[in-house]
Structures are given as C-alpha cells and as structure tokens.
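The next block holds one structure in the form of structure tokens; read it before the comments.
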Amino acid sequence: MGVFGLTAGDLTFVEVHITTLGNLSPATTVFFCCDMQERFRPAIKYFGDIISVGQRLLQGARILGIPVVVSEQYPKGLGSTVQEMDLTGAKLVFPKTKFSMVLPEVEAALAEIPGVRSVVLFGVETHVCIQQTALDLIGRGFEVHIVADATSSRSMMDRMFALERLARTGIIVTTSESVLLQLVADKEHPKFKEIQNIIKASAPESGLLSKV
C-alpha cells in the first residue's frame, strides 16, 4: 500500500490519466488538415476564416517542425487544397473517398513518427470527415485536439452537435492560439517570438465560436 492508501496499480492509472489531459509537445504531435478544398469555398460557413486560421496552424507547424498530414476528398471532382494554404513541407498529401482520414497510408506515416501521441485536427466538414477521423484516431489510442476556429460545416447546427458529441467522448475542443502557445509552453522557447508573430493579430471573430 503506497502513499494515501494508493496501490502501485492505482498510481499507474493516475500517471496514465495525467498524460491524457491535453498537454501538447512538438515532439509528440502531428497536425491533420482535412479537405480544405476549393469546391467547398461557397458552401462552408465562414470558410475564409477557417482558411486564415488553418494557414496560421500550418505556419506554426513549419516553425516548430511538426509533421503535417493533408487529405483531399475526391480531388478530381472537388479540386485541390485552396491556394491560400501553404502545404510546403507536408509529410503527406493524399486523395481519399472515405470520409475518415485514417487510411492505411496515413497509419503508415504515423508509424514513421516516433513517439507521436497527439493529433491536432482541423478542416471540413466538422460533422462528417472531422468527426469520423477523430473517432477513428481515439479508437487507435491517439489524443485528439479539434481546433474550433479552424473547422466548419455547411450547417451550423451540424457543426455544433458534432463538437458537443466529440467533446463528450474525451476529444479536446480547443482554439488555434491555445494550441500554438501550448506547443511553445515558455516565453524562453527559442521559437516563441516567431509563434508570437503569427498570433499577434487575433484570429477572425467569426460566427463560429458563438455556435460551439
């Protein structure tokens, strides 16, 4: 019997639980950018805003050396990722027809990243590809962070209920600034000023956050 009457098994449970409280580290994180394609532009609510925030996240990933995985849903019909989003240095850009991003090539890419534990997920649509990707990832033991100001749907009702459902499953619903600052963690981090420059202007105050 250990401290406060806890057994070794209890302490192990506590340690495991603590590791899943949402802490992010560049060494154990990968970013997933889901289906930010040209044909979705006129249909998705606040699409311009999530492009802007998504580009911030991609820029932050490059600064911090975080791998980025990018999907494109049926690009032959829906087009490529929008030009505003710079995919330079992405680990994987792949086409898909399945709604979830968790395909064999993605699992292979994840297996090549030693120690990866957390996935930061953003894109469209919240209630379809984002939701199914997130559920597949937590089913495989990953901690998932959905960036609320970088994900949307055609319907705000669909978006709202998807985020509520996902939060109840233990998925972390967060914001772009929170993610980026959590990844540097310290003003003395050598990349802090570069990240600070990204977030110096606040993310767009769209109608997204009032609907979460």
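The values are calculated or read from the model by the stated rules, or taken from the named source; none is laboratory data. Only a predicted model underlies this, so the values are computations on that prediction, with no experimental measurement involved. Please note: Cβ atoms are built from the backbone with ideal geometry, for glycine as well, and neighbour counts cover all protein chains shown. These accessible areas exclude ligands, DNA and RNA; they are computed on the full protein's heavy atoms, side chains included. Shrake-Rupley method; radii C 1.70, N 1.55, O 1.52, S 1.80 Å.
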**Report entry** Surface accessible to a 1.4 Å probe, per residue, for the residues of the chain, Å²
**Finding:** 49 Å²
Requested in this report: For Lys91, go through the aspartates and glutamates and keep the ones whose alpha-carbon is under 13 Å away, minus same-chain ones fewer than eight residues off.
Outcome: Glu105, Glu107, Glu112
Report summary line: Using eta = 1.306 mPa s and T = 10 °C, Stokes-Einstein with Kirkwood Rh from Cα pairs puts D for the chain, in µm² s⁻¹, at 90 µm²/s
Query raised in the report: Hey, rough spin-label estimate for Tyr74 and Phe192, points 7 angstrom out along Cα→Cβ, what's it come to in nanometres?
Result: 4.8 nm
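With contacts defined as alpha carbon pairs under 8 Å and 6 or more residues apart, what's the relative contact order of the chain in percent? Mind showing how you got there, number by number?
Numbers: 344 pairs, mean separation 52.9, N = 212.
The value is 25 percent.
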**Report entry** Most mobile of Ser118, Ser80, Ser176 in a GNM of the chain (Cα contacts under 10 Å)
**Finding:** Ser80
**Report entry** Simple spin-label estimate for Ala167 and Thr97 in nanometres, 7 Å along Cα-Cβ
**Finding:** 3.7 nm
Query raised in the report: So how exposed is Met157, as accessible area in Å² (1.4 Å probe, rounded to 10)?
Result: 130 Å²
Requested in this report: Please give the peptides 126-134, 193-201 ranked by average Cβ packing (other Cβ atoms within 10 Å per residue), highest first, as a rough proxy for protection.
Outcome: 126-134, 193-201
Requested in this report: Determine ³J(HN,Hα), in whole Hz, for all residues of segment 173-184 in sequence, where each value follows from phi through the Karplus function 6.51 cos²θ - 1.76 cosθ + 1.60 and θ = phi - 60°; x replaces Gly and Pro.
Outcome: 9, 9, 10, 4, 5, 4, 4, 5, 6, 5, 5, 8
**Report entry** Length gained when the stretch Leu87-Arg140 is fully extended (0.36 nm per residue, less Cα-Cα span)
**Finding:** 16.5 nm
Query - Accessible carbon and sulfur surface of the chain relative to its total accessible area, %, 1.4 Å - result: 56 percent
